[in-house]
Amino acid sequence: MTTLQAALSGALVGGMFAVMAAGLSLTWGMLRVINLAHFGLILVGAYLTFELATSWGLDPILTIVVTVPLMFLVGAGLQWAFDRLGVEGFASLLVSFGLLIIVMQTVSNVWSADFQRMEGDVNPYATGSVSIGRFVFPAPTLIAFVFAVVIVVAADQVLRRTFAGRALRAFAEDRAVASAFGIDHRRLGMVLAGLSAASAAVAGMLFALGNAVTPSTPFEWIGIVFAVVILGGIGQVGGVLLAGVLVGTLSAVVSATWSPALSPLVLFSAIILALLFRPHGLLTPASRGAR
Amino acid sequence: MMARGLGGFALVFAVLAALAVWREDLGLPIFYLVLASTALFWIAQATSWNVLSGYSGYFSFGQGAFVGVGAYTTAVLGGRHGVDFYLTVPVAAVFSALLALLVGALAFRLRSFRGEIFALLTLAVPFILAALARVNSEIDGGQGVIVPVAEYPDWLAQFQDFLYLLNLVVAVAAVAAAFAIQHTRFGWALASIRDAEDVAEGLGVATFRYKMLAIAVTGLIGGAAGSLFALQIGFVTVESVFGLTIPLFVIVMSVLGGRTHWVGPVLGAVVIVLIQDRLSASGFEGWNLIVLGAILAVLVVVAPDGLQARLWRRPWQAAVALVAVTGVLAVVDSWGGPLDWFVAGVLAAVAVVLWPGRARAPVAAERRPAAAPVAPEEAAGAVPVAADAEPGEVLVECRDVAKYFGGVRALDGVSLRIRAGELVGLVGPNGSGKTTLVNLLSGALRPTSGSIAVAGRDIVGLAPHRIAHVGVSRTHQIPKPFESMTVRDNVAMAIMFGRSPRPLAGAREEAEACLDVVHLRHLADAKPAEINLHERQLLEMARAIATKPKVLLLDEALAGLNPAEIDAAVAVVRRIHATGITIVIVEHLLRVVNQLATRVVVLNQGALLADGDPRTVMNDPDVIRAYLGRHAHARGT
């Protein structure tokens, strides 16, 4: 019973990891930019939500009206710079590692290294919960899961059905040919990176809704979120949601049955196994790797 | 070279050690030794990281794991079980090396683990260890472990002198090891893995073994230095070792200093430690990591090769900048202390070294001598081929070989015998399985079923480097030279790791002979980036014959060449064949195949379509149909 409750809650928490991972997975798969700074954007998103809710009295969820456009511009600008400087693949991993460290330290200088949490008076969602039968779900994780489904389904549909989405997929598959067919990858790349950063703003809001943040919180995300990206298959948004739910469930069940401290151990062991046997994602058979 | 270098390290060690032993007599403030101690710790760490990640190109984010295992070994053994500190250091090093081997055994098994995936895998390792340490109260249990202060000899004035000496020992040993690795076969193997791993494996480099050795060395040094780190901080917590600070520091240091040379991490560590120290001393503690992150981001874009290579080009300018800036500040004496002046001088020197220089391409073009004239009778192909008269024993035997990719049957039921001395032309339309067959023979792919024997030895399942040692060598359709090495060293590599390996000096001499065969000797000192496609393809051949193969597989070695270049390449293939090497040539140009081959094998849709002497095969109606379509054949008859 408690295990089942833990599994269901974990699955919902996995939704938040899916939101964090979606943008990362798309820029990696489509633009070959492995953007560790994405975690920095999530962190800033969480702090901005905290700041806007606490100082301005904005509803925490509504803060994304401010943070999403802001992050879109930051993400698009960053991609513009990466593109101009030819930063991609491994170089992007290193450059964005540097940027992540800069962001984390700056956040620490601005908001101090202490925990920050939205109090109950500004965050009406913190203590709410929904009961279905005998199971209880905290409102923040439920909200996160709803956002995850909406974002992932929307992204998936855009990539499948719109011209821009198809153009992006063609570009990811073969750049030279796609360019020859007149695909303006620069602009598309900036839009994609902008949207990915916008999703980071949402992820930050979702995290701040149910958790306290410190400047070093991104270290807790990196492992799990990369696990979700790789398990889901790099560049595959649909896989991200599945992998997020899987990872969330696994880690919650381990925490509930053994010990919270053991959950990273089991999780990362599972990732290593997955990397060994399914290096291109759970949904892709090992013999059919794209690269 | 090696003896002199190691002698140099002994001298440096003696001088630096003397600073601690006679520190009070020299009147050196302890502060400088503490700073030097920090620098030495990071030199050891950055060097440790660089042996694997710099030399072989496998970037690791997991340096914290090795430091952590080292630190916890010393802390737990010393603090909880009362083991003598000196004993814990080697134990820490060995534990850390064992962990490294475990990581390597997992990660290096898969070829797709290169690059980003390997980096992310190593990112996960410290997280796992941190979880283990937190849970296990025998190790940490979430409270941290106190490290007892070690006894130090009474000829040292303070504990800090002792720490400095310990760090000095480990750092000098680490740098000497990196120096030694760089100047032996080991280092060459790692460089070839960095440049083109598959090619290196195909030329006879046991890449898996060398990668395991490299990661073990990384673990060994990282663990030993981590053990000292425990003594230095006195209280080991999960956060102090398993975070991302340690990997960040070693990566920034090595990228700044330069990753392909043993000096790189030393330079990088010294510069970074000085900057960090001055920032903290001037009250900019909160800016330390920001500066570090910015250095990394800017460097990767502006100067990804780091300080070392550029310093070698502008040593005097750098020295002048260092002395001038330090000197002027000392004379003016209006700001800071001696260390500030020196750090300002170092930064000036770094700026001078990293300043973008003029493009060097024209110089390379000027340096390039004209090609040696090809003897006319050779170009015309008049050299008699001794071997085609009497084929010898069976050298390659494929029995019922099949290779499926998912549902696609690239090859199905191909049986083929190649005798010593033959020059077999392997032809067929696109997608007929020619390159797949070459990949199966060289071991790059494994057949789905069937057997392949070379010189009587079953090669199915052997690692490509073992197959190279049996006597199979190949070229690649798109040439893949080792970009960091000269043309001569590209060939010397193949000799050093080939069927009759020789040490570097001898291999370089012998390489000239191989370059003669392909008429590339005049470009021996050029870098691969400076030569054209034709010359790169000739280099591929020179490298392939340098392993002294029995069978040479030429995979579309003439693709993209102009007619004159094709004639020259044909002459080269003849010359190679005349030295007694059996050749299988995959080629689209039937003119070339007819001219060269003693026998032609035609593949179509993964099956053997025809096999025989060139004239018969080319007139075979099935072959004509496969090449030109059913219709063309019908009209022809």
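Is it fair to say B:A173 is touching a residue at least 40 places away in the same chain (Cβ under 8 Å), surrounded by fewer than 19 Cβ atoms within 10 Å (Cβ to Cβ) and out of contact with any strand residue (DSSP E or B) (no Cβ under 6 Å at 6 or more places or on another chain)?
Yes, satisfied.
Checking B:R502 against (1) touching a residue at least 12 places away in the same chain (Cβ under 8 Å); (2) assigned to a loop (DSSP other than H, G, I, E, B), only one condition comes out false. Which one?
Exception for B:R502: condition (1).
Yes or no: B:A133 of a type in the set (A, V, I, L, M), within 13 Å of B:A224 (Cβ to Cβ) and in a helix (DSSP H, G or I)?
No, not satisfied.
Here's a check for you: in the range B:514-564, which residue that is assigned to a loop (DSSP other than H, G, I, E, B) and closer than 20 Å to B:V470 by Cα is farthest from the chain's Cα centre (by Cα)?
Residue satisfying both the conditions and the ranking: B:K550.
Which of the residues belonging to the range B:216-232 are among the β-branched types (V, I, T) and surrounded by 24 or more Cβ atoms within 10 Å (Cβ to Cβ)?
Passing the criteria: B:T218, B:I221.
Taking the range A:112-170, which residues are without any contact (Cβ under 8 Å) to a residue 60 or more places away in the chain, within 26 Å of A:L195 (Cβ to Cβ) and not in a helix (DSSP H, G or I)?
Within the range A:112-170, just A:T162 meets the criteria.
Checking the structure you have, find out if any residue of the range A:13-28 is farther than 29 Å from A:L168 by Cβ and either touching a residue at least 40 places away in the same chain (Cβ under 8 Å) or crowded, with 24+ Cβ neighbours inside 10 Å (or both).
Yes, that holds for at least one residue.
Out of (1) closer than 18 Å to B:G243 by Cβ; (2) within 13 Å of chain A (Cβ to nearest Cβ); (3) crowded, with 20+ Cβ neighbours inside 10 Å, the odd one out for B:L132 is which?
Here B:L132 meets the rest and fails (3).
Give me the pairs: first residue in the range B:613-627 and in contact (Cβ under 8 Å) with a residue 12 or more places away in the chain, second residue polar (S, T, N, Q), beta-carbon distance under 7 Å, and six or more apart or on different chains, which are they?
Close Cβ pairs (under 7 Å, with a partner that is polar (S, T, N, Q)) amount to B:P614/B:N594; B:M618/B:N594; B:A626/B:N604.
Please find, within the range A:101-114, the residue that is surrounded by the fewest Cβ atoms within 10 Å (Cβ to Cβ) out of those that are of a type in the set (A, V, I, L, M) and at the interface with chain B (Cβ under 7 Å from one of its Cβ atoms).
Selected residue: A:I102.
One line per residue, one yes/no per condition, for (1) within 14 Å of another protein chain (Cβ to nearest Cβ); (2) part of a helix (DSSP H, G or I); (3) surrounded by fewer than 17 Cβ atoms within 10 Å (Cβ to Cβ):
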| position | (1), (2), (3) |
| --- | --- |
| B:V83 | no, no, yes |
| B:L87 | no, yes, yes |
| B:P90 | no, yes, yes |
| B:L99 | yes, yes, no |
| B:F127 | yes, yes, no |
| B:A178 | no, yes, no |
| B:I193 | no, yes, no |
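If we scan the range B:43-60, do we find a residue that is surrounded by fewer than 23 Cβ atoms within 10 Å (Cβ to Cβ) and either in the same structural domain as B:S240 (by TED's automatic domain parsing) or not aliphatic (A, V, I, L, M) (or both)?
yes
Quick check on my filter: what residues within the range A:256-269 are surrounded by fewer than 19 Cβ atoms within 10 Å (Cβ to Cβ) and touching a residue at least 24 places away in the same chain (Cβ under 8 Å)?
Those that are surrounded by fewer than 19 Cβ atoms within 10 Å (Cβ to Cβ) and touching a residue at least 24 places away in the same chain (Cβ under 8 Å): A:A256, A:T257.
Got a number for residues in the range B:481-511 being touching a helix residue (DSSP H, G or I) at 6+ places or on another chain (Cβ under 6 Å) and either of a type in the set (A, V, I, L, M) or more than 25 Å from B:P464 (Cα to Cα) (or both)?
9
Output the number of residues of the range A:52-76 satisfying the condition of being in contact (Cβ under 8 Å) with a residue 24 or more places away in the chain and in a helix (DSSP H, G or I).
15
Testing B:W287 on (1) at the interface with chain A (Cβ under 9 Å from one of its Cβ atoms); (2) under 30 Å from the mean Cα position of the chain (by Cα), one condition comes back false. Which one is that?
Result: B:W287 passes all but (2).
For the range A:29-48, give me each residue that is under 28 Å from A:G210 (Cβ atoms) and of a type outside the set (V, I, T).
Listed by number, the residues that qualify are A:N35, A:L36, A:A37, A:H38, A:F39, A:G40, A:L41, A:L43, A:G45, A:A46, A:Y47, A:L48.
So, in the range B:109-122, of the ones that are more than 7 Å from chain A (Cβ to nearest Cβ) and either part of a helix (DSSP H, G or I) or crowded, with 19+ Cβ neighbours inside 10 Å (or both), which residue ends up modelled with the lowest pLDDT?
Among them, the one singled out is B:F113.
Filter the range A:75-99 down to the residues that are away from chain B (no Cβ under 14 Å) and within 24 Å of B:L248 (Cα to Cα) and list them by number.
Matches in the range A:75-99: A:G75, A:Q79.
Which members of the range B:234-284 meet the condition of being within 14 Å of chain A (Cβ to nearest Cβ) and outside any helix (DSSP H, G or I)?
B:T237, B:G243, B:L244, B:R259, B:G283, B:F284
From B:G407, B:G456, B:G413, grab the single residue that is within 14 Å of another protein chain (Cβ to nearest Cβ) and surrounded by fewer than 16 Cβ atoms within 10 Å (Cβ to Cβ).
B:G407
Within the bounds of the range A:115-134, is there any residue that is crowded, with 22+ Cβ neighbours inside 10 Å, within 14 Å of chain B (Cβ to nearest Cβ) and either modelled with pLDDT under 85 or over 22 Å from A:G210 (Cα atoms) (or both)?
No, the range A:115-134 contains no residue that is crowded, with 22+ Cβ neighbours inside 10 Å, within 14 Å of chain B (Cβ to nearest Cβ) and either modelled with pLDDT under 85 or over 22 Å from A:G210 (Cα atoms) (or both).
Looking at the range A:174-188 only, could you name the residues that are within 23 Å of A:D156 (Cβ to Cβ), part of a helix (DSSP H, G or I) and either among the polar types (S, T, N, Q) or without any contact (Cβ under 8 Å) to a residue 12 or more places away in the chain (or both)?
Result: A:R175, A:A178, A:R187.
Return yes when B:L213 is of a type outside the set (K, R), part of a helix (DSSP H, G or I) and under 24 Å from B:M2 (Cα atoms) and no when it is not.
So B:L213 fits the description; yes.
Across the range A:187-236, what is the total count of residues that are charged (D, E, K, R) and away from chain B (no Cβ under 14 Å)?
Adding up the residues that qualify gives 1.
Could you pull out the residue among B:Q160, B:Q143 that is assigned to a loop (DSSP other than H, G, I, E, B), over 30 Å from A:V229 (Cα atoms) and more than 11 Å from chain A (Cβ to nearest Cβ)?
B:Q143
Restricting to the range B:53-71, give me the number of residues that are touching a Phe, Trp or Tyr at 6+ places or on another chain (Cβ under 8 Å) and assigned to a helix (DSSP H, G or I).
Total satisfying the criteria: 9.
The values are calculated or read from the model by the stated rules, or taken from the named source; none is laboratory data. If you're wondering where the values come from, they're calculated on a predicted model, not measured in any experiment. Note that we place each Cβ from the backbone using ideal geometry, even for glycine, and neighbour counts take in every protein chain shown.
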